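I have placed the structure first, in the form of structure tokens, so that the comments after it can refer back to it.
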Amino acid sequence: MRKQTRPAAISRRRGMHYGLSGAGLAMLGLAGAVGSAAAQEGGVLRVSVNANPSTLDPATGRSGRDYQYLYPIYDTLVAWEPTTLEPRPGLAQSWTYSDDTTLVLELRPGLTFHDGTPLDAEAVKFNLDRNRGDARSNFKVDLSSIDTVEATGPATVTIKLKMADRSLPLILSDRVGMMVSPAAIKAGGGSVDRTPVGAGPWKLVRWDDNAVVLYERNPTYWRQGLPRIDRLEIKVIPEVSTGVRSVIAGENDIVVAVPAIQKPLLDRSGKVKVFANPSLYLFMVYLDFSRPPLNDLRIRQALNLAIDRDVFNKVTLAGLGQPATTLFPKEHWAHDPALTKVLAYDPDRAKALLKEAGNPTVTFTGVAFSDQPSVQRLEVLLEMWRRVGINAKFQNKTVPEGSQTFFFDRKVDSLLAAIPARPDVSIAPFTIFAKGSPYNGGHQEIPGMEAALAATRTGATQAARKVALSQVQRIALEQAVFVPLAFDVSIIALSNKYQGFQPNLLDLPRFDEVAVAG
């Protein structure tokens, strides 16, 4: 019997399996896009963001901030419902598990890339093989369960798995499912970092570093009537407060990643619609636990125990976020309340551990981002660490530079950043804990972690996956290989002149349905 995983309908109950609990969904208020009046087609949408892209190739990206630049260019094999994260058809109109280790994708007929070349089964095979095998790919771990990929028909892709993996459809809705033109990759000598060609709603016109990325409408886009806007301008404005003022003044039309402290200003302006929702976006400190001084478990534990996360949330997120002691917020089905005390605030124990380690005034290095909210988060952390005898020496850099410095150049011991939410719950743990991931801060295997990670994808039921996810979190917390801080609140502001924006559980904005208000 063939098990069909393409969703036929979305229910509240099924949606909770992918995202938050019923209470969490009620809190989110993500039921629909704003704007019901007839919209005008065409026009320009100007978006303010606070980070330059690291690359426009989904396989080689080094920053979670890249998504807002990638979505206009690329479509994914599988999509997701914004309010539930339930998988839905994308470039693949259906998918089927013919047995536990065989996934078959059926593509939509007649798909093409921006360059006119066919987006067929051979193109999908090329992309998946590249994403899981190319030396420059930073997301190999996402596809580690795949054994082979074959084009078994013009629009049929058969994926043979090494083990059962029920998470794969939603994984194919993330970066590794973004399809790039094979012709463009070959023409670029394997690189499309600055010359991207996808099959998404817009085509790249120009990327001016640290200034603006310009897109124009894809006239052959397969989703009829989309995008609603002809021209998209994503402007790099590092200080979000400047971006907020630019939208209020009418110089830009939408600003994303707004700090909580800026929300009252937006509310008072009367010129914008403000979307404020709980988020799965986790602020955290990545640690290189492979080298001194952070290779000492006691010091890593002390880093965690020194943090008063309630105060951190109140000071840096105006109390609108949620203190984080695990990977998932309390409304999420994968949250395990039994783990919340493992590294809870205990400054006296932190001091005792440092003394036990023979290093009561430990010093380590790090990097944080240079925008004002990141600077504030760092100031709060440094003071909390200072009070227990921890001296941290941090630099401030742009998002791409900071990520490069820690993850790839390995010049510092830590990085204050975040882990963006992902469509499937297993993706984030694999990203930051798997031994082969470049985003594993220690770049080495964590004892017991690989088997626990594998179980998060092989489990046939949500209950089984929750057990595995709890084990992953327990290992990470007991080994103190990261420092969770707080879950962000998603705040996005859209000019009243526009409608159709739909927030989502991942806090990854998409603009293809935004239109000039009628």
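Matching residues to (1) of a type in the set (A, V, I, L, M, F, W, C); (2) surrounded by fewer than 18 Cβ atoms within 10 Å (Cβ to Cβ); (3) in a helix (DSSP H, G or I); (4) out of contact with any helix residue (DSSP H, G or I) (no Cβ under 7 Å at 6 or more places or on another chain):
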residue: PHE312; (1), (2), (3), (4): yes, no, yes, no
residue: THR316; (1), (2), (3), (4): no, no, yes, no
residue: GLY319; (1), (2), (3), (4): no, yes, no, no
residue: LEU354; (1), (2), (3), (4): yes, no, yes, no
residue: VAL367; (1), (2), (3), (4): yes, no, no, no
residue: PRO373; (1), (2), (3), (4): no, no, yes, no
So ASP409 passes all but one of these: (1) in contact (Cβ under 8 Å) with a residue 12 or more places away in the chain; (2) surrounded by fewer than 21 Cβ atoms within 10 Å (Cβ to Cβ); (3) under 20 Å from THR365 (Cα atoms). Which condition number does it fail?
(1)
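For the structure I just gave you, tell me whether LEU416 is under 25 Å from VAL311 (Cα atoms) and either out of contact with any helix residue (DSSP H, G or I) (no Cβ under 9 Å at 6 or more places or on another chain) or modelled with pLDDT of 95 or more (or both).
Numbers: under 25 Å from VAL311 (Cα atoms): yes; either out of contact with any helix residue (DSSP H, G or I) (no Cβ under 9 Å at 6 or more places or on another chain) or modelled with pLDDT of 95 or more (or both): yes.
Criteria met by LEU416.
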Does PRO329 fit the bill of being under 24 Å from PHE408 (Cα atoms), assigned to a loop (DSSP other than H, G, I, E, B) and of a type outside the set (A, V, I, L, M, F, W, C)?
no
Residue pairs within 7 Å by beta carbon, gap of at least six or interchain, first lying in the stretch 88-117 and closer than 29 Å to GLY188 by Cβ and touching a residue at least 40 places away in the same chain (Cβ under 8 Å), second assigned to a strand (DSSP E or B) and of a type in the set (Asp, Glu), listed first then second, are ALA92/GLU106
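Scan the stretch 338-352 for residues that are of a type in the set (Asp, Glu) and either part of a loop (DSSP other than H, G, I, E, B) or in contact with a Pro (Cβ under 7 Å, 6 or more places away or on another chain) (or both) and jot them down. Walk me through how you get there before you give the answer.
Of all residues in the stretch 338-352, those of a type in the set (Asp, Glu) come to 346, 348.
ASP346, the sole residue that qualifies.
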If you go through the stretch 239-257, how many residues are in a loop (DSSP other than H, G, I, E, B) and either basic (Lys, Arg) or crowded, with 18+ Cβ neighbours inside 10 Å (or both)?
4
Failed item in (1) polar (S, T, N, Q); (2) over 26 Å from ALA392 (Cβ atoms); (3) assigned to a helix (DSSP H, G or I), with ASN504 passing the rest
(3)
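From GLY110, GLY189, GLY177, which residue is under 25 Å from LEU506 (Cβ atoms) and modelled with pLDDT of 95 or more? So that I can check it myself, show each step before the final result.
Details: GLY110 fails: under 25 Å from LEU506 (Cβ atoms); GLY189 fails: under 25 Å from LEU506 (Cβ atoms).
Going through GLY110, GLY189, GLY177 in turn, just one is under 25 Å from LEU506 (Cβ atoms) and modelled with pLDDT of 95 or more: GLY177.
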Condition check: of a type outside the set (S, T, N, Q), assigned to a loop (DSSP other than H, G, I, E, B), modelled with pLDDT of 95 or more and touching a Leu at 6+ places or on another chain (Cβ under 8 Å). Does GLU513 satisfy that?
yes
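Taking the condition modelled with pLDDT of 95 or more, under 26 Å from LEU506 (Cα atoms) and of a type in the set (Lys, Arg), does ARG387 pass? Step through it out loud before you land on a result.
Working: modelled with pLDDT of 95 or more: yes; under 26 Å from LEU506 (Cα atoms): no; of a type in the set (Lys, Arg): yes.
Judged against the criteria, ARG387 is not a match.
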State all residues of the stretch 118-151 that are free of Cβ contacts under 8 Å to residues at least 24 places away in the same chain, touching a strand residue (DSSP E or B) at 6+ places or on another chain (Cβ under 7 Å), closer than 30 Å to ILE432 by Cα and not charged (D, E, K, R); if no residue qualifies, say none.
ILE146, THR148
ALA155: passes all of (1) surrounded by fewer than 24 Cβ atoms within 10 Å (Cβ to Cβ); (2) touching a residue at least 60 places away in the same chain (Cβ under 8 Å) but (2)
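So which of GLY441, GLY448, GLY389, GLY402 is under 27 Å from MET178 (Cα atoms) and in contact with a helix residue (DSSP H, G or I) (Cβ under 8 Å, 6 or more places away or on another chain)? Show your work before the answer.
Details: GLY448 fails: under 27 Å from MET178 (Cα atoms); GLY389 fails: under 27 Å from MET178 (Cα atoms); GLY402 fails: in contact with a helix residue (DSSP H, G or I) (Cβ under 8 Å, 6 or more places away or on another chain).
Just a single option satisfies the conditions, and that option is GLY441.
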Taking the stretch 110-129 only, how many residues are over 17 Å from GLY90 (Cα atoms) and under 27 Å from the mean Cα position of the chain (by Cα)?
2
With criteria (1) of a type outside the set (A, V, I, L, M, F, W, C); (2) in a loop (DSSP other than H, G, I, E, B); (3) at pLDDT 95 or above, ARG474 comes up short on (2)
Restrict the check to the stretch 484-496 and report whether at least one residue is surrounded by 21 or more Cβ atoms within 10 Å (Cβ to Cβ), in contact with a strand residue (DSSP E or B) (Cβ under 9 Å, 6 or more places away or on another chain) and assigned to a helix (DSSP H, G or I).
no
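The values are calculated or read from the model by the stated rules, or taken from the named source; none is laboratory data. Since the structure is predicted, the reported quantities are computational estimates derived from the model, not experimental observations. Heads up, the Cβs are rebuilt from the backbone with ideal geometry, glycines too, and the neighbour counts pull from every protein chain shown.
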